[in-house]
1. Just one of (1) of a type in the set (A, V, I, L, M); (2) under 30 Å from ARG170 (Cβ atoms); (3) touching a residue at least 40 places away in the same chain (Cβ under 8 Å); (4) out of contact with any strand residue (DSSP E or B) (no Cβ under 7 Å at 6 or more places or on another chain) trips up VAL114, so point out which.
2. Restricting attention to the range 4-12, does a residue exist that is in a loop (DSSP other than H, G, I, E, B), closer than 28 Å to VAL142 by Cα and acidic (Asp, Glu)?
3. Which of (1) loosely packed, with under 15 Cβ neighbours inside 10 Å; (2) at pLDDT below 95 is the odd one out, the single condition ARG224 does not satisfy?
4. I'm trying to understand the selection: among the residues of the range 128-163, which are surrounded by 14 or more Cβ atoms within 10 Å (Cβ to Cβ), in a helix (DSSP H, G or I) and more than 16 Å from the ligand (Cβ to nearest atom)?
5. Of everything in the range 61-76, what is over 13 Å from ARG5 (Cα atoms) and crowded, with 24+ Cβ neighbours inside 10 Å? Give them in sequence order.
6. For residues that are in contact with a helix residue (DSSP H, G or I) (Cβ under 9 Å, 6 or more places away or on another chain) and closer than 21 Å to HIS144 by Cβ, tally how many sit in the range 1-17.
7. For the range 88-127, which residues satisfy the criterion of being of a type in the set (Gly, Ala, Ser), more than 27 Å from PRO41 (Cβ to Cβ) and assigned to a helix (DSSP H, G or I)?
8. Just for the range 82-105: of the residues that are within 22 Å of ALA175 (Cα to Cα) and in contact with a Leu (Cβ under 9 Å, 6 or more places away or on another chain), which one is farthest from the ligand (Cβ to nearest atom)?
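The values are calculated or read from the model by the stated rules, or taken from the named source; none is laboratory data. Predicted model only: the values in this text are computed from it and were never measured. Ideal geometry is used to build each Cβ from the backbone, glycine not excepted, and the neighbour counts take in all protein chains shown.
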Amino acid sequence: MSTPRVLVFDSGVGGLSIAACLHAAMPSVSLTYLADTAGFPYGDQSEETVIARCVALIERLMAQEPVDLVVVACNTASTVVLPALRERLQVPVVGVVPAIKPAAALSENRRLGVLATPATVRRPYTEDLIQRFAADCEIARVGHPGLVRWAEAKVGGRPVPLAELAEAVRPLADAGVDTVVLGCTHYPLIRDELAQVLPEVRYWVDSGDAIARRVRYLLDEAERLVDGCEVSPMNARFSGPVPREFETVLNGLGLRAGRVDGGWPEGFAPP
Ligand code: DGL
């Protein structure tokens, strides 16, 4: 049986936090990373733009390199694009949504912080998760545009400005939350800095391991999971420039780079 192939999509480098969990759980699965760095950040854009860009890029890539499964490793995109993608693609599509349910199960003081992009924080999808799984909790929401940029900059080798970060997440400190949902896949990449500025937070909850379990289940169900530990390198395509220090970052996350292309596809015009 051939190696199963999984496409991991994000607006930028955040989806690498999910790719790292997928790789740790299933090292022989061949991952292709696709990032719309020319359209980044999605957190500031309209739903229509996000849907049109995701669908166009993912369909184009799949026409060239078919995959067995697509992971939309971006909360901001997943809250709006999953129905359109599932309607058009013949393979399973797994989305990432803020891990409010596991966070509510962990919180001891019933005060939860939800940290996400400005778009994700105000989407009905997120509100619905809160009502369903954390109705008994006090919720402090922060949707700050700086965090994804600081995470991208960190990947490019620049330090996260801790004073600005502390200011951005101050509402979580003021609310006394003991648990924070990292509702954007970029945020696990700056978890250490977040923990430094919010030392009283006990639990940091992201979706990486849950996504890896879901992908494993779906590949298993489709009888596509192969045993064996031949490790596949990860190819990566960026609609804009390739982030600086990309390969170093991959190595730090336990991943190995295969072919890496920037400015893909030639002549891609934003819808
Ligand atoms: N990684 C994306 C997410 O999980 C970042 C969104 C953005 O581009 O603003 O929401």
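1. Here VAL114 meets the rest and fails (4).
2. No, the range 4-12 has no match at all.
3. Among (1) loosely packed, with under 15 Cβ neighbours inside 10 Å; (2) at pLDDT below 95, the lone unmet condition for ARG224 is (1).
4. Matches in the range 128-163: ILE130, PHE133.
5. Of everything in the range 61-76, those that are over 13 Å from ARG5 (Cα atoms) and crowded, with 24+ Cβ neighbours inside 10 Å turn out to be VAL72, ALA73, CYS74, ASN75, THR76.
6. Total meeting the criteria: 7.
7. ALA104, ALA105
8. ALA104
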